[in-house]
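Data first, discussion second: the structure below is written as structure tokens.
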Amino acid sequence: MSQGNRAPFVVAHRGASAALPEHTLAAYELALEEGADGVECDVRLTRDGHLVCVHDRTVDRTSSGTGLVSEMTLEELRALDFGGDGEPVPVLTLSELIELVLDWRSRPTKLFIETKHPVRYGGLVENKLLAELQRFGIATPASADHSRAVVMSFAALAVWRIRRAAPLLPTVLLGESSRYLGGGAATTVGATAVGPSVKTLRDHPDLVDKAAAAGRATYCWTVDDPADVALCSDLGVNWIATNHPGRTKAMLSS
Ligand code: G3P
Ligand code: CA
């Protein structure tokens, strides 16, 4: 669905991650304070079955430790500092992030959750994610528009698993190939939206109208350059993921 004259909704990519360390509670709080309409996170499973918000396979880049997330327990992860400097900052679990989003005082915001693949636990990630969404009562929304959660993946199979198990949850098939996103893959897996990178969208702006013609929304990532924000707005992109939510909201409302 192209949104006509409506400005794109702004999704804070890994929180307000240009200003604060990614995937930390503080980065998400700042994003919400800055007016983000939604927040994005990546999730991975720990060895003992907890979903944590970490982008990479390892914790090396974003924490004081080293090693694979999938080989560490939550307790081991909690011993690491994800903040960089100052007071130690703990790893953020998905349940902590869901609580923040659902408790946010001023307005309803959406949580865009990306499952990473390939991973050693395969489809268990989606099973655990659905169980977590059910526990919070947000796995069966009245409609896609009213859903507080959106599940995304580059892996078509992951999107299909969600679609099959929770048909009312909106989903985004992420990708960098216009042929893939503009072709039949999104239809095959029942994705409610396609998620091109901003580079893909620059090269193939027709993707937005193609998606809309098929009844799908468009989610574009990662839109940090003001010229790209304007492009997405002109094209009628529904959601843009950015590391600068405050600046982007200001741009779109001016
Ligand atoms: O929002 C989608 C985008 O986050 C995908 O790329 O590598 O930042 O997870 P990545
Ligand atoms: Ca992501």
Does the stretch 140-161 hold any residues that are out of contact with any helix residue (DSSP H, G or I) (no Cβ under 7 Å at 6 or more places or on another chain), at pLDDT 95 or above, away from ligand 2 (no atom under 16 Å from the Cβ) and not polar (S, T, N, Q), and which are they?
141, 157
Given the residues 224, 234, which is the only one that is over 27 Å from residue 169 (Cα atoms) and either touching a strand residue (DSSP E or B) at 6+ places or on another chain (Cβ under 9 Å) or among the basic types (Lys, Arg) (or both)?
224
Residues of the stretch 162-185 being at pLDDT below 95 and surrounded by 22 or more Cβ atoms within 10 Å (Cβ to Cβ), in sequence order, are 181
Within the stretch 203-216, does at least one residue satisfy the condition of being among the small types (Gly, Ala, Ser), surrounded by 14 or more Cβ atoms within 10 Å (Cβ to Cβ), within 16 Å of ligand 1 (Cβ to nearest atom) and under 17 Å from the mean Cα position of the chain (by Cα)?
no
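Do we have residue 15 as within 13 Å of residue 101 (Cα to Cα), more than 11 Å from ligand 1 (Cβ to nearest atom) and in contact with a Ser or Thr (Cβ under 9 Å, 6 or more places away or on another chain) here?
Details: within 13 Å of residue 101 (Cα to Cα): yes; more than 11 Å from ligand 1 (Cβ to nearest atom): yes; in contact with a Ser or Thr (Cβ under 9 Å, 6 or more places away or on another chain): yes.
Yes, satisfied.
Yes/no per residue for (1) surrounded by 18 or more Cβ atoms within 10 Å (Cβ to Cβ); (2) within 16 Å of ligand 2 (Cβ to nearest atom); (3) among the small types (Gly, Ala, Ser):
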residue	(1), (2), (3)
69	yes, yes, no
72	yes, no, no
80	yes, no, no
108	no, no, no
112	yes, yes, no
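Those residues that are within 16 Å of ligand 2 (Cβ to nearest atom) and in a loop (DSSP other than H, G, I, E, B), I need them from the stretch 1-32; list them, please.
Just the residues of the stretch 1-32 that are within 16 Å of ligand 2 (Cβ to nearest atom), to begin with: 10-18, 21-24, 27-28, 31.
Within the stretch 1-32, 14, 15, 16, 17, 18, 21, 22, 23, 24 meet the criteria.
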Step by step: first the residues of the stretch 83-114, then only those that are of a type in the set (Val, Ile, Thr) and touching a Leu at 6+ places or on another chain (Cβ under 7 Å), then the one that is nearest to ligand 1 (Cβ to nearest atom). Which residue is that?
113
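Does residue 143 fit the bill of being assigned to a loop (DSSP other than H, G, I, E, B) and touching a strand residue (DSSP E or B) at 6+ places or on another chain (Cβ under 8 Å)? Give the steps one after another, and end with the answer.
On the way: assigned to a loop (DSSP other than H, G, I, E, B): yes; touching a strand residue (DSSP E or B) at 6+ places or on another chain (Cβ under 8 Å): no.
No: the conditions fail for residue 143.
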Flag for residue 62 being touching a Ser or Thr at 6+ places or on another chain (Cβ under 8 Å) and either among the small types (Gly, Ala, Ser) or at pLDDT 95 or above (or both)
no
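Hey, does the stretch 174-182 have a residue that's within 12 Å of ligand 1 (Cβ to nearest atom), free of Cβ contacts under 8 Å to residues at least 60 places away in the same chain, under 25 Å from residue 138 (Cβ atoms) and among the aliphatic types (A, V, I, L, M)?
So in the stretch 174-182, the residues within 12 Å of ligand 1 (Cβ to nearest atom) come out as 174-176.
If we keep only those that are free of Cβ contacts under 8 Å to residues at least 60 places away in the same chain too, we end up with 175-176.
Those still in the list that are under 25 Å from residue 138 (Cβ atoms) too: none.
Among the residues of the stretch 174-182, not one is within 12 Å of ligand 1 (Cβ to nearest atom), free of Cβ contacts under 8 Å to residues at least 60 places away in the same chain, under 25 Å from residue 138 (Cβ atoms) and among the aliphatic types (A, V, I, L, M), which makes the answer no.
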Per the list (1) touching a Lys or Arg at 6+ places or on another chain (Cβ under 7 Å); (2) more than 15 Å from ligand 2 (Cβ to nearest atom); (3) closer than 15 Å to residue 20 by Cα, residue check on residue 54 breaks on (2)
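Please verify whether residue 35 is more than 14 Å from ligand 1 (Cβ to nearest atom), assigned to a loop (DSSP other than H, G, I, E, B) and small (Gly, Ala, Ser), treating the condition exactly as stated.
Values: more than 14 Å from ligand 1 (Cβ to nearest atom): yes; assigned to a loop (DSSP other than H, G, I, E, B): yes; small (Gly, Ala, Ser): yes.
Yes, satisfied.
Considering only residues of the stretch 38-49 that are more than 12 Å from ligand 1 (Cβ to nearest atom) and crowded, with 20+ Cβ neighbours inside 10 Å, which is farthest from residue 224 (Cα to Cα)? Steps first, answer last, please.
Of the stretch 38-49, the ones more than 12 Å from ligand 1 (Cβ to nearest atom) are 45-49.
Pick out the ones that are also crowded, with 20+ Cβ neighbours inside 10 Å and you get 45-46.
Numbers: 45: 29, 46: 31 Å.
Once the filter is applied, the top-ranked residue is 46.
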Answer residue from the stretch 59-113, given it is among the β-branched types (Val, Ile, Thr) and not in a loop (DSSP other than H, G, I, E, B) and is farthest from the chain's Cα centre (by Cα) among those:
69
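The values are calculated or read from the model by the stated rules, or taken from the named source; none is laboratory data. All values reported here derive from a predicted model rather than from experimental measurement. Don't worry about glycine lacking a Cβ; one is built from the backbone with ideal geometry, like all the others, and counts go over all protein chains shown.
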